[in-house]
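Written out below as structure tokens is the structure these notes cover.
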Protein chains: 2
Amino acid sequence: MDLKKKVSLAVIRRLPRYFRYLSDLLRLGITRISSKELSARMGITASQIRQDLNCFGGFGQQGYGYNVESLYNEIGNILGFNNKYQTIIIGAGHMGQALANYGNFEKRGFSLIGIFDVDQNLVGKKIKDIEIMHLDSLEVFVMNNNVHIAILTVPYEHTPTVADKLAQLGVRALWNFSPMDLKLTYDVIIENVHLSDSLMVLGYKLAEDMKSRANIK
Amino acid sequence: MDLKKKVSLAVIRRLPRYFRYLSDLLRLGITRISSKELSARMGITASQIRQDLNCFGGFGQQGYGYNVESLYNEIGNILGFNNKYQTIIIGAGHMGQALANYGNFEKRGFSLIGIFDVDQNLVGKKIKDIEIMHLDSLEVFVMNNNVHIAILTVPYEHTPTVADKLAQLGVRALWNFSPMDLKLTYDVIIENVHLSDSLMVLGYKLAEDMKSRANIK
DNA sequence: TAGATTGTTAATCGATTAACAATC
DNA sequence: TAGATTGTTAATCGATTAACAATC
């Protein structure tokens with residue numbers, strides 16, 4: 001049925017970035033933009049911008065460029081901002097609470113409907129009008145609610161167990177903050193964050209930079 | 001002086017992952033591993049593993065494979081875990097506090113020496129023995145301390161100003177959590193996290209998955 | 001109409017994978 | 001020595017960039 005070939009993940013990962021730039025342009029009151037201008041702003045080639053966008057359709061017009069607002073809406077659609085995803089957070093530690101408090105997810109279609117933890121001191125506490133529940137009530141909760149996404153911010157050692165349970169209960173996607181690669185027997189969508197990996201890469205870049213500075217001297 | 005050509009960022013970004021797997025093997029008491037076995041565990045090709053490692057040196061031995069502990073140490077060295085990086089956090093909101101409380105960074109050489117915010121209700125509060133300071137004291141603090149890295153968890157609109165100031169004061173690297181691409185006139189190392197981009201990609205994957213399921217039915 | 005800029009094909013570049021001689 | 005597995009070169013694959021005809 002779907003004849004067009006799958007868009008590569010490299011392209012998909014650039015979409016949120018396009019969206020942000022278009023959102024900025026919109027705020028600046030700029031109504032049209034050419035791939036060349038956008039290229040200069042974003043620091044990528046105009047060619048890549050046109051290739052990327054044409055994976056999804058011809059949103060531009062020869063001799064004119066792209067209409068900022070309509071392109072903004074198109075990319076929003078592609079990213080699925082019209083969908084509504086029911087989301088829960090597992091692990092109400094510092095990171096879990098930080099994510100719960102981040103308000104911007106809501107307006108992209110991710111609505112938080114539950115937070116779980118095993119710590120009795122946290123259970124009952126409210127974050128953004130959502131009461132933290134005990135992990136024991138997860139099963140019943142998921143069965144009674146259509147949970148699309150679970151955000152995993154649990155300690156390292158509990159990650160595989162919790163992830164497997166969620167998959168088993170039919171949760172479709174996991175946003176994983178544990179520094180661990182999930183290997184599930186169930187078919188679930190996973191997006192890893194691995195913050196510590198990112199910091200280590202920064203450390204590497206910094207070490208390289210310091211080395212090259214030392215060489216110049 | 002440095003004749004070997006620069007290792008690509010794609011390779012660097014895999015190093016923390018190798019390190020994690022080796023750390024697991026070490027914990028399991030496994031002393032040697034071949035690229036083939038590691039390949040099976042990590043889900044990447046043995047060829048890629050050997051190529052990656054050989055960017056930095058010949059750590060293996062024909063007919064034997066790699067010694068887990070020595071490879072673990074080598075990668076730790078490459079990632080610069082022996083270096084000590086003095087780190088500060090700008091923005092003591094939920095995310096800033098979550099990062100401050102994350103203990104594992106310390107053992108990778110990132111030591112937290114200061115936290116700053118503009119909110120008077122937060123100033124003076126202690127996180128992990130570090131007192132939150134007012135942003136006004138940033139300048140003096142950076143001049144008196146050798147700050148290598150600043151972690152940026154400030155609101156969107158303040159990001160460019162703060163980033164620029166840090167760069168100007170000589171901070172070498174920024175770990176940026178703002179959903180904004182920093183463009184600095186100063187020469188500073190930047191590693192972006194862009195959590196919301198990651199969530200949007202998850203949303204896209206999920207939407208695709210739901211579409212293909214609907215088609216099968 | 002002339003100028004601008006897209007959509008798209010072709011060329012290039014870089015990253016991944018395969019193959020195999022070297023060697024433990 | 002025979003078997004295993006690396007380090008490294010060559011082949012393949014995919015992603016990025018360049019070029020240009022189509023067209024607004």
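When segment A:3-50 is filtered for residues that are of a type in the set (G, A, S) and crowded, with 18+ Cβ neighbours inside 10 Å, only A:S35 remains. Sub-7 Å Cβ pairs linking a first residue in segment B:14-36 that is more than 9 Å from every other protein chain (Cβ to nearest Cβ) to a second residue that is within 15 Å of DNA strand C (Cβ to nearest atom) and of a type in the set (A, V, I, L, M), at least 6 apart or interchain, are B:S35/B:A46; B:S35/B:I49; B:K36/B:A46, ordered by first then second residue. Taken together, the residues in segment B:55-113 that are basic (K, R) and surrounded by 15 or more Cβ atoms within 10 Å (Cβ to Cβ) amount to 1. Out of A:Q86, A:Q48, A:Q120, one residue alone is within 10 Å of DNA strand C (Cβ to nearest atom) and either more than 21 Å from B:E208 (Cβ to Cβ) or not basic (K, R) (or both). It is A:Q48.
Could you check, for segment B:21-28, whether at least one of its residues is among the polar types (S, T, N, Q), outside any strand (DSSP E or B) and more than 13 Å from DNA strand D (Cβ to nearest atom)? Checking segment B:21-28: at least one residue is among the polar types (S, T, N, Q), outside any strand (DSSP E or B) and more than 13 Å from DNA strand D (Cβ to nearest atom). The set of residues in segment B:120-141 that are free of Cβ contacts under 8 Å to residues at least 40 places away in the same chain and among the β-branched types (V, I, T) comprises B:V123, B:I127, B:I130, B:V140. All conditions in (1) hydrophobic (A, V, I, L, M, F, W, C); (2) in contact (Cβ under 8 Å) with a residue 24 or more places away in the chain; (3) part of a loop (DSSP other than H, G, I, E, B) hold for A:F59, with the sole exception of (2).
When residues in segment B:79-112 are screened for being aliphatic (A, V, I, L, M), more than 7 Å from chain A (Cβ to nearest Cβ) and in contact (Cβ under 8 Å) with a residue 40 or more places away in the chain, 5 of them pass.
For every residue, the table says whether it meets (1) in contact with a helix residue (DSSP H, G or I) (Cβ under 7 Å, 6 or more places away or on another chain); (2) among the basic types (K, R); (3) farther than 24 Å from A:Y21 by Cβ.
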| position | (1), (2), (3) |
| --- | --- |
| B:V118 | yes, no, yes |
| B:D129 | no, no, yes |
| B:V142 | no, no, yes |
| B:E157 | no, no, no |
| B:R172 | yes, yes, yes |
| B:T185 | no, no, no |
| B:E191 | yes, no, no |
| B:D197 | yes, no, no |
| B:K205 | no, yes, no |
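Report yes if B:A10 is within 13 Å of chain A (Cβ to nearest Cβ), within 12 Å of DNA strand D (Cβ to nearest atom), part of a helix (DSSP H, G or I) and under 23 Å from A:Y156 (Cβ atoms), otherwise no. Spelling it out, it is not the case that B:A10 is within 13 Å of chain A (Cβ to nearest Cβ), within 12 Å of DNA strand D (Cβ to nearest atom), part of a helix (DSSP H, G or I) and under 23 Å from A:Y156 (Cβ atoms). Within segment A:168-217, the set of residues being surrounded by 16 or more Cβ atoms within 10 Å (Cβ to Cβ) and of a type in the set (V, I, T) comprises A:V171, A:V188, A:I189, A:I190, A:V193, A:V201.
Number of residues in segment A:10-38 that are of a type in the set (G, A, S) and closer than 14 Å to B:D181 by Cα equals 1. Among strands (runs of 3 or more DSSP E) entirely within segment A:113-217, having at least 1 residues that are within 11 Å of chain B (Cβ to nearest Cβ) singles out A:149-152, A:173-176, A:189-192. When A:N144, A:N192, A:N121, A:N176 are checked against the criterion of being of a type outside the set (V, I, T), more than 15 Å from A:A100 (Cβ to Cβ), in contact with a Ser or Thr (Cβ under 8 Å, 6 or more places away or on another chain) and at pLDDT 95 or above, a single residue qualifies: A:N176.
Screening segment A:52-84 for residues that are of a type in the set (S, T, N, Q) and within 10 Å of DNA strand D (Cβ to nearest atom) and picking the one that is farthest from the chain's Cα centre (by Cα) gives A:Q62. Go through segment A:29-49 and give me each residue that's assigned to a helix (DSSP H, G or I) and out of contact with any Leu (no Cβ under 6 Å at 6 or more places or on another chain). Correct list: A:S35, A:K36, A:E37, A:L38, A:S39, A:A40, A:R41, A:M42, A:A46, A:S47, A:Q48.
The values are calculated or read from the model by the stated rules, or taken from the named source; none is laboratory data. Because the structure is a prediction, the values reported are computed rather than measured. Neighbour counts are summed over all protein chains in view; Cβ atoms, including those assigned to glycine, are modelled from backbone coordinates with ideal geometry.
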